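Trainee: Quick one: the structure is below, questions incoming.
The values are calculated or read from the model by the stated rules, or taken from the named source; none is laboratory data. As the structure is a prediction and not an experimental result, all values here were calculated from the model. FYI the Cβ positions are ideal-geometry reconstructions off the backbone, even for glycines, and counts take in every protein chain you see. Keep in mind that these areas ignore ligands, DNA and RNA; they rest on the heavy atoms of the full protein, side chains included. Shrake-Rupley method; radii C 1.70, N 1.55, O 1.52, S 1.80 Å.
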Amino acid sequence: MNDLILLAILADGPQHGYALKKQAGMALGQPDMHNNLVYPLLRRFIAHKWVTQRKTAGQRGQTRQVYSLTPMGRDALVDRIRQFDDASAAEAFRLRVGLFELLDSAAREQILATREKYLQARKQRFVTLETGMDLGRYGSEVARFMREQIRTELAWIARLRRMSRKRKEKS
């Protein structure tokens with residue numbers, strides 16, 4: 001997921017490493033993404049030719065590194081967003097939805113269908129849990145809350161599908 005976030009930030013234009021740390025942290029709901037995550041990923045991206053690096057003068061006379069996404073990097077980003085299977089359906093769904101503008105309608109639908117299938121299975125597990133066990137007052141409340149979250153997300157998926165169809169019709 002960290003690689004998707006960094007590549008997606010670079011899709012908006014060149015960035016200094018420090019700005020990448022800040023923006024990635026914000027996307028993750030943290031102060032900053034740690035240097036030990038950012039810079040090794042950037043080195044890997046450069047080795048794969050997904051990102052270029054150039055030196056530029058900073059505001060206080062220091063030398064800064066500016067990173068830019070290459071066309072090959074943009075293709076890699078789109079491929080990584082599309083990679084959303086049953087095993088990954090529990091993770092990074094919202095991040096992928098945030099990057100739907102980069103995908104065609106078939107890829108968007110595949111991601112939505114995979115997440116929907118995951119949610120339906122999870123919903124069934126809660127039903128089985130509630131009917132098969134005495135969860136107590138608070139355990140039942142947690143299960144009810146989780147089912148409500150699933151229902152809300154399924155409704156959101158339906159809305160995203162409608163948005164995708166409208167976008168396709170305008171094209």
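Trainee: Might you check whether a residue that is part of a helix (DSSP H, G or I) and in contact with a Leu (Cβ under 9 Å, 6 or more places away or on another chain) occurs anywhere in the stretch 125-133? Show your work before the answer.
Mentor: Taking the stretch 125-133 and keeping what is part of a helix (DSSP H, G or I), we get 125-132.
Next, only the ones that are in contact with a Leu (Cβ under 9 Å, 6 or more places away or on another chain) stay: 129.
Yes, because at least one residue in the stretch 125-133 is part of a helix (DSSP H, G or I) and in contact with a Leu (Cβ under 9 Å, 6 or more places away or on another chain).
Trainee: I'd like the full set of residues that are under 25 Å from F84 (Cα atoms), open to solvent by 20 Å² or more (accessible area, probe 1.4 Å) and in contact with a helix residue (DSSP H, G or I) (Cβ under 7 Å, 6 or more places away or on another chain), limited to the stretch 10-20.
Mentor: A11
Trainee: Then there is this: Can you confirm whether E91 is within 30 Å of F45 (Cβ to Cβ) and not in a helix (DSSP H, G or I)? Let's see the steps before the verdict.
Mentor: Numbers: within 30 Å of F45 (Cβ to Cβ): yes; not in a helix (DSSP H, G or I): yes.
When the stated conditions are applied, E91 passes them.
Trainee: Something else now. Taking H34 as meeting all but one of (1) surrounded by 12 or more Cβ atoms within 10 Å (Cβ to Cβ); (2) without any contact (Cβ under 8 Å) to a residue 60 or more places away in the chain; (3) under 19 Å from D12 (Cα atoms), write down the number of the exception.
Mentor: For H34, the exception is condition (3).
Trainee: Name the single residue that is farthest from D104 (Cα to Cα) among those in the stretch 30-52 being at pLDDT 95 or above and not in a helix (DSSP H, G or I).
Mentor: T52
Trainee: Now a separate question. Say we look at the stretch 118-162 and pick out the residues that are among the basic types (K, R) and under 19 Å from V97 (Cβ atoms); which of these is least open to solvent (accessible area, probe 1.4 Å)?
Mentor: Start the filter on the stretch 118-162 by keeping residues that are among the basic types (K, R), which leaves 122-123, 125, 137, 144, 147, 151, 159, 161-162.
Those still in the list that are under 19 Å from V97 (Cβ atoms) too: 122, 151, 159, 161-162.
Values: R122: 69, R151: 131, R159: 122, R161: 36, R162: 119 Å².
Among residues in the stretch 118-162 that are among the basic types (K, R) and under 19 Å from V97 (Cβ atoms), the one least open to solvent (accessible area, probe 1.4 Å) is R161.
Trainee: One residue is enough: does the stretch 86-95 have a residue meeting the conditions touching a Lys or Arg at 6+ places or on another chain (Cβ under 8 Å), modelled with pLDDT under 90 and open to solvent by 60 Å² or more (accessible area, probe 1.4 Å)?
Mentor: Residues of the stretch 86-95 that are touching a Lys or Arg at 6+ places or on another chain (Cβ under 8 Å), as a first pass: 86, 89, 93.
Okay, now just the ones that are also modelled with pLDDT under 90, so 86, 89, 93.
Okay, now just the ones that are also open to solvent by 60 Å² or more (accessible area, probe 1.4 Å), so 86.
Yes, the conditions are met somewhere in the stretch 86-95.
Trainee: Scan (1) loosely packed, with under 15 Cβ neighbours inside 10 Å; (2) within 19 Å of L102 (Cβ to Cβ); (3) free of Cβ contacts under 8 Å to residues at least 40 places away in the same chain for the single condition Q23 breaks and write down its number.
Mentor: It is condition (1) that Q23 fails.
Trainee: Could you list, in sequence order, the residues of the stretch 55-64 that are under 18 Å from Y39 (Cα atoms) and touching a Lys or Arg at 6+ places or on another chain (Cβ under 6 Å)?
Mentor: Scanning the stretch 55-64 gives T56, T63.
Trainee: For the subset of the stretch 54-85 comprising residues that are surrounded by 18 or more Cβ atoms within 10 Å (Cβ to Cβ), aliphatic (A, V, I, L, M) and assigned to a helix (DSSP H, G or I), which member is modelled with the lowest pLDDT?
Mentor: Residue satisfying both the conditions and the ranking: I81.
Trainee: Where the second residue is surrounded by fewer than 12 Cβ atoms within 10 Å (Cβ to Cβ) and the first is closer than 17 Å to W156 by Cα and lies in the stretch 105-132, which pairs have Cβ atoms under 6 Å and are six or more apart or on separate chains?
Mentor: Matching pairs, first to second residue: none at all.
Trainee: Another one. Considering each of I150, I111 in turn, give the residue that is closer than 23 Å to V78 by Cβ, aliphatic (A, V, I, L, M) and assigned to a helix (DSSP H, G or I).
Mentor: Working: I150 fails: closer than 23 Å to V78 by Cβ.
From the options I150, I111, the qualifying one is I111.
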